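See below for the structure under consideration.
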Amino acid sequence: MNQAYAVTAVAVVVVATVLIGGLGLRISRTTSDFYVASRSVPPRLNAAAISGEYLSAASFLGVAGLVLAQGTDMLWYPVGYTAGYLVLLLFVAAPLRRSGAYTLPDFAEDRLESRTVRRAASAFVVGVGWLYLLPQLQGAGLTLRVITGAPRWTGGLLVAVVVTAAVAAGGMRSITFVQAFQYVLKLTALLVPALFLVAAWHGDGTPRGPFDEPPTFRQHTQVQVEDTLRLRIEEPLTVTVTGTVDATRYRDEGVLLEPGTHTIEGGTDLRFTPGSTVPRPAEHASAGTSSWAEPLSGSRDAHPLYSTYGLIVATFLGTMGLPHVVVRFYTSPNGHAARRTTLVVLGMISAFYLLPPVYGALARLYEPELIMTGGTDAAVLLLPGRLLGGLGGDLLEALLVGGAFAAFLSTASGLTMSVAGVLTQDLLPSLGVRHFRLATVLAMSVPVAAYLAVSDLPVADTVGLAFAVSASSFCPLLVLGIWWRRLTAAGAVTGLLVGGGAALAAVAATMAGFPEGGWPRALLAWPAVWSVPLGFLAMIVVSLATASRIPPGTGATMARLHLPEGATR
Amino acid sequence: MTVLVTLGLAVGSVLLLAAGAALGHVAGRRRGAGRRALGTPVERATFQTLHNASLAAPPLRAGLTEDTARKAARRLRTLLGTDALCLTDRSTVLTWDGSGEHHTAGLMTQVRQVLETGRSEAFPLTCAQEGCAIRWAVVAPLTGDNGVVGTLAAFGARESPVLVRATSEVARWVSVQLELAELDHSRTRLIEAEIRALRAQISPHFLFNSLAAIASFVRTDPERARDLLLEFADFTRYSFRRHGEFTTLVDELHSIEQYLNLVRARFGERLAVTLQIAPEVLAVSLPFLCLQPLVENAVKHGLEGSVARSHISIVARDAGAEAVVVIEDDGVGMDPERLRAVLRGEGGPSTGIGLRNVDERLRQVYGDDYGLVLETAVGAGMKITARFPKYRPGVHPSPPSLRTRPRQR
C-alpha cells in the first residue's frame with residue numbers, strides 16, 4: 001500500500017466534500033430567478049443523497065469481508081440492506097412524508113399526541129444512532145491501520161474528532177448535493193477497481209477452485225501475525241516460521257504442524273507454500289470443512305438457519321428506523337415524490353451491492369490469509385495491491401481508501417447530526433436549544449468509549465445489531481402507527497420499551513461476550529426473530545387494553561397520512 | 001472486564017434515559033400527591049383543596065363543553081366532597097359526576113330559576129328510587145361576560161348551609177376560569193383579526209399602484225400587461241384566501257415572487273433581488289403570510305428616499321431541525337429605539353404593523369424563542385432573521401390553492 005497516494009485520496013475526499021458543501025453550492029444556488037430558486041429536489045437527486053448517507057463502512061468494507069470468510073450465506077447482508085427499502089417503500093415512505101414529521105420522535109408525537117411517546121422514541125433514536133456509529137469508527141480505525149500501520153484506535157478517534165468538529169461547526173449540515181456526491185464517489189471507488197480486478201482475474205485464467213473447497217494459498221505467501229492467534233489445523237501443514245509457535249522459538253525453520261489447535265505468538269512471520277490449506281482461527285473451527293458456496297452448510301454460528309432468519313428480519317425491518325435515513329424524506333415535496341425517491345434508492349443501492357460480493361470472492365482466491373488472521377474487513381482495500389501491484393494497484397487502492405473514507409464521513413456525520421439533534425431537542429432540554437455543540441460531543445463520545453472498549457466484532461455484525469434494535473422498536477411503531485387506527489400512546493410506549501429494550505439487552509449481552517455458545521448465544525446474537533414480534537405484540541395488547549385512550553385526533557391524522565396531498569381540505 | 005463495564009455503562013445509559021423520561025413524566029403528575037405529608041392538618045387541607053382546584057382549572061380554561069365539563073366535574077366533586085355534582089349550560093346537562101344519575105331527567109326545569117335570576121338556590125328533591133342518597137340540591141350560577149352561562153349543581157343527603165356556601169364559592173371560582181377561557185378566546189380572535197387586517201393592509205396603495213403600472217403597459221406591451229394581470233390575480237388569490245393558518249415555504253415564495261414582479265413593473269430595474277434557497281427547506285410549514293410582509297418591509301426601506309438601485313437578498317438555510325430565513329436590504333434602515341417601539345405596538349397606527357404582526361404570530365405558534373431577530377441602524381439597511389422548526393405539533397399546511405395557469409417558461 002502506497003501511503004502517499006492513500007493519504008492524498010483521503011485529503012481529496014475531505015476537501016471535495018467541504019468545497020461542494022460550502023462554496024460550490026452557494027454559488028450555484030444564488031439566483032434572482034424564483035423559479036430556479038424554488039425548484040424542489042428531484043427524486044433522483046434525493047435518492048442519491050439517501051444512498052450516499054446510507055452506504056456505510058459496513059457496506060463498503062464489511063460485506064466483502066464476511067463473504068470472504070463465511071461464503072454465500074453472507075449475501076443475505078446486501079440483500080437485506082437493500083430489501084429494507086422495499087418494506088419502507090410499501091408501508092412507510094409516503095405516509096411518513098405526509099405526516100410532516102422531520103424525525104422519528106416527531107412522527108411519534110404527531111400520530112399519538114403524547115410527549116411520553118416522543119421521549120421514548122427519542123431514547124431509541126439515540127440508542128440506534130450510537131450502535132450504528134460504532135461500526136463506522138471501527139471501519140475508520142481499520143482503514144487507517146491498513147494505510148499507515150497506526151494502532152487501531154487512532155483511526156476511529158481521528159474520524160470521531162473530524163466529524164464532531166465538522167458537525168459542531170455546522171459544516172456538515174446534511175446537504176443533499178454533498179451526500180449525492182458521496183454516493184457517486186462510493187460507487188465509482190468500488191466499481192472502477194472491480195472492473196480492473198475482474199479483468200486481471202480473467203487474465204489469470206479465471207481460477208475458481210477454492211469456491212467449493214477450503215481455501216488454499218495460490219503462491220508463496222508470507223504472513224506477519226500481529227496479535228497472538230490460535231489456529232485450528234485440519235491436516236498436517238508445513239510452514240516456515242520465524243518467531244514463536246506453541247511456545248517454541250523458531251528462526252526461519254520449516255515446522256510441521258499436526259492437526260489440532262496451535263498458538264502463534266504476536267510478531268511471528270509465517271511463510272506458506274502454494275497449495276497448502278489456509279488454517280482457520282480456532283473459534284471458527286466448524287467452518288473448516290464447510291463448502292463456501294453452499295448456503296447453511298456451516299458458518300461460525302451453531303444454528304445457521306436461525307441466524308439467517310435473524311439477519312433477514314433485522315435488515316428487512318430495521319432500515320425504516322435509521323434516524324439519518326428518515327430525515328432525508330423531508331426533502332421530498334410530497335408523499336408521491338417520497339415514494340418515487342425510495343424506488344430510485346432501491347435501484348441505486350442494488351447496483352452498489354452487486355460489487356462487494358465480487359471483492360469477497362476475489363479475496364477468497366487471492367488473499368485467503370486474511371481468513372487466518374481475522375482481518376477480513378481489510379480485504380477490499382488490499383485486493384488491488386495483491387492482484388495488480390505496481391502503480392496501477394497503488395492508484396486503485398488509493399481510490400478505494402478514498403471511497404471508504406467517504407463512507408465513514410457521510411454516514412457518521414449524518415448519524416451524529418441526528419443523535420445530537422434529538423439530544424438537544426428532547427432528552428436534554430435543560431441544556432437549551434443553543435447547546436447543539438455540547439450535544440454533538442456527547443453524541444460522539446459514547447460510541448467512542450464503546451469503540452475503545454469493544455474491538456473484535458466484525459464491522460457488519462455490529463451493524464446487524466443496530467438494525468435489530470431499530471427493527472424491534474421503530475418498525476412496530478411506524479407500521480402500526482400508519483396502518484392501525486387503534487394504537488394508543490400507552491401501547492406505543494410499552495411496545496417500544498419491550499421490543500426495543502429486549503433487543504438492546506440482547507445486543508449488550510452479545511457485545512459483552514456471553515453466553516458462550518449454543519442456542520442462548522444464537523438467540524441473543526440475532527434477537528430480531530423474537531424481539532420484533534414481541535414489540536408488535538406488546539403494542540397491540542396494551543393498545544387494546546387501553547382502547548378508551550385512542551388519541552382524539554386519530555381520524556384526522558390518518559386521513560392526512562393516507563390521502564394524497566391536495567385531497568385533504 | 002473493562003469491556004463489560006463500559007458496555008454496561010453505555011447500554012445502561014440508554015435504558016436509563018428511556019426509563020428516566022417515562023418516570024419523570026409520571027413523577028411530574030404525582031408530585032402534588034407526595035406533598036400531602038407536609039404541615040398541620042389545616043394546612044394539609046388547604047394544600048389538598050388548592051391541588052384539586054389546580055387540577056380542575058386546565059379543562060375549564062378550554063371553555064364550557066361536554067368534554068371539558070366531564071373532566072372538571074370529577075375534580076370539583078372531590079373539592080366539594082359531595083355525593084354528586086352536575087354542570088349544565090343554558091340549555092342542557094353537560095355532565096353528571098357521582099351517584100343518582102337518574103335525577104338528570106328533570107334537572108333543567110329545576111335550574112331554570114337560577115339561570116334566569118342568577119342567584120343561588122337550595123331545594124329538596126323527591127326521589128322514588130330506593131337507597132338513593134340524593135335528597136337536596138344546591139344550584140349556583142356560572143357567570144361570564146354576557147350574564148349567566150350555566151349552573152353548577154351539588155347534591156347531598158340533607159340540607160347543609162356549609163354546602164350552600166361552598167357551592168357558591170366554587171361556582172364563583174369556576175366562573176373566573178371560564179372568563180379566563182373567554183379571554184384566551186378573544187386573544188386568538190384578535191390575532192385572527194390582525195391577520196385579516198394584514199390582508200386588508202395589502203390592498204389599497206399596493207393595489208392601485210399595481211393596476212396603474214399594469215395600465216401603463218397595456219398599449220406599449222400588451223403581452224407583459226397580460227402576464228402582470230395574471231400575476232396580480234394569483235397574488236390576490238393567495239393573499240385573500242380564507243382557509244388554513246399555515247402554508248409551505250415554497251408557496252410563500254411564489255407569493256413573494258408575484259409581489260416583487262408587480263413592484264418591478266412600477267420601479268423597473270431599480271430593485272434587484274438575489275435568492276439563495278436551500279431546496280431541503282422548501283417543504284417547511286410556516287404561518288400563512290409571514291414572509292411576504294417582511295419582504296414588503298425590505299422593499300419599502302430599500303426604495304424609500306433613494307434614487308439609486310436597491311438590493312434585497314432572501315436566504316433560506318437548512319439548520320438541522322430548523323429552517324432559517326434571512327431577508328436583508330441595503331436601504332435607509334431604522335433607529336433601533338423606534339423599531340423597539342414599533343414591535344411593542346407603540347409606533348403609531350401606520351408604521352410596521354406587518355413586522356409586529358409577524359413577530360407576534362411566530363411567538364404564538366412556536367414560542368418566544370422563535371421571535372424575529374432584527375439588525376438595523378439608520379442608513380445601514382436592515383437584516384431580518386426568522387427561524388422555523390421543521391416540525392411542530394399542529395402545524396400542517398393547507399394544500400396550495402390551484403394556480404390559474406401553468407407556469408410559462
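Counted residue by residue at 0.36 nm each, then reduced by the alpha carbon distance between them, the extension gain from B:Asp145 to B:Phe123 reaches 5.2 nm.
The C-alpha atoms of the protein assembly as shown occupy a region whose extents along the principal axes are 114, 91, 46 Å, arranged from largest to smallest.
Here B:Lys300 is the anchor, and the lysines within straight C-alpha reach of less than 30 Å, apart from those fewer than 8 places off in the same chain, are B:Lys383, B:Lys390. If I model segment B:42-184 as equal point scatterers sitting on the Cα atoms and use the Debye formula, what is log10 I(q)/I(0) at q = 0.14, 0.15, 0.17 Å⁻¹? Per q value, in the given order, log10 I(q)/I(0) is -0.59, -0.68, -0.88. Each of B:Asp83, A:Asp269, A:Asp252 was scored by other Cβ atoms within 10 Å of its Cβ. Arranged with the fewest first, they read A:Asp252, A:Asp269, B:Asp83. For the pair A:Arg271 and A:Tyr35, the difference between a 0.36 nm per residue extended length and the Cα-Cα distance amounts to 78.3 nm. Sparsely packed loop sites in segment A:180-278 (the chymotrypsin sites (Phe, Trp or Tyr not before Pro) outside DSSP H, G, I, E and B with at most 10 other Cβ atoms within 10 Å) do not occur. If R0 is taken as 22 Å, the Cβ-Cβ distance between B:Glu169 and B:Arg112 corresponds to a FRET efficiency of 0.45. When both segment A:366-437 and segment A:81-148 are represented by their alpha-carbon centers, they are found 18 Å apart.
Skipping prolines and chain starts, which residues have an amide H placed within reach, meaning under 5 Å, of the one on A:Ser276, given they are 5 or more residues away or on another chain? Those qualifying (amide H under 5 Å, at least 5 residues apart or on another chain) are A:Phe217. Between A:Tyr306 and B:Phe240, the simple spin-label model (points 7 angstrom out along Cα→Cβ) gives 7.2 nm.
Restricting segment B:246-353 to GluC sites (Glu not before Pro) that sit in a DSSP loop and have at most 13 other Cβ atoms within 10 Å of their own Cβ leaves B:Glu304, B:Glu346. Measuring nothing but how far apart in sequence close Cα pairs (under 8 Å, 6+ apart) lie, relative to its length, chain A scores a relative contact order of 28 percent.
Hey, what did segment B:221-389 get for relative contact order, percent, Cα under 8 Å, at least 6 apart?
So the answer I get is 20 percent.
Evaluated at q = 0.10, 0.21, 0.23, 0.25 Å⁻¹, a Debye calculation over the C-alpha positions of segment A:80-166 (equal weights, vacuum) places log10 I(q)/I(0) at -0.43, -0.98, -1.05, -1.11. Secondary-structure-derived ellipticity at 222 nm for the protein assembly as shown, considering helices only, amounts to -19000 deg cm²/dmol, per-run term -39500 (n - 2.57) for DSSP H runs with n ≥ 4.
Look at A:Thr164, B:Thr95, A:Thr416 and count the other Cβ atoms within 10 Å of each Cβ; fewest to most, that gives B:Thr95, A:Thr164, A:Thr416. Could you tell me the calculated FRET efficiency between A:Thr148 and A:Val79, based on Cβ-Cβ distance and R0 = 35 angstrom, to the nearest 0.05? FRET efficiency, A:Thr148 to A:Val79: 0.55. Taking every Cα-Cα distance in chain A and sorting them into 10 Å bins from zero, the calculated P(r) comes out as 4, 17, 28, 26, 15, 7, 3, 1, 0 percent.
At full extension, A:Gln222 and A:Asp204 could sit 4.4 nm farther apart than now, given 0.36 nm per residue minus the alpha carbon distance.
For the pair B:Thr92 and A:Ser548, label points projected 7 Å from Cα toward Cβ lie 2.1 nm apart. Counting Lys and Arg as +1 and Asp and Glu as -1 over every other residue whose Cβ lies under 10 Å from the Cβ of B:Val332, the net charge comes to -2.
Along its three principal directions, the equivalent ellipsoid of segment A:216-277 from the Cα gyration tensor extends over semi-axes of 16, 14, 11 Å, largest first. The mean sequence separation of alpha-carbon pairs under 8 Å and at least six residues apart, normalised by the residue count of segment A:99-241, gives a relative contact order of 9 percent. Restricting to segment B:221-389, compute how many DSSP beta bridges are antiparallel as a %, nearest 5. Of those bridges, close to 75 percent are antiparallel.
Note on A:Val541 and B:Arg266: the model spin-label points, each 7 Å out from Cα along the C-beta direction, lie 7.0 nm apart.
Computed from the coordinates by the stated procedures, all read-outs in this text should not be read as laboratory data. Keep in mind it's a predicted model, so treat the numbers as computed, not measured. Because the Cβ atoms are built from the backbone with ideal geometry, glycine has one as well, and the counts that use them run over all protein chains shown.
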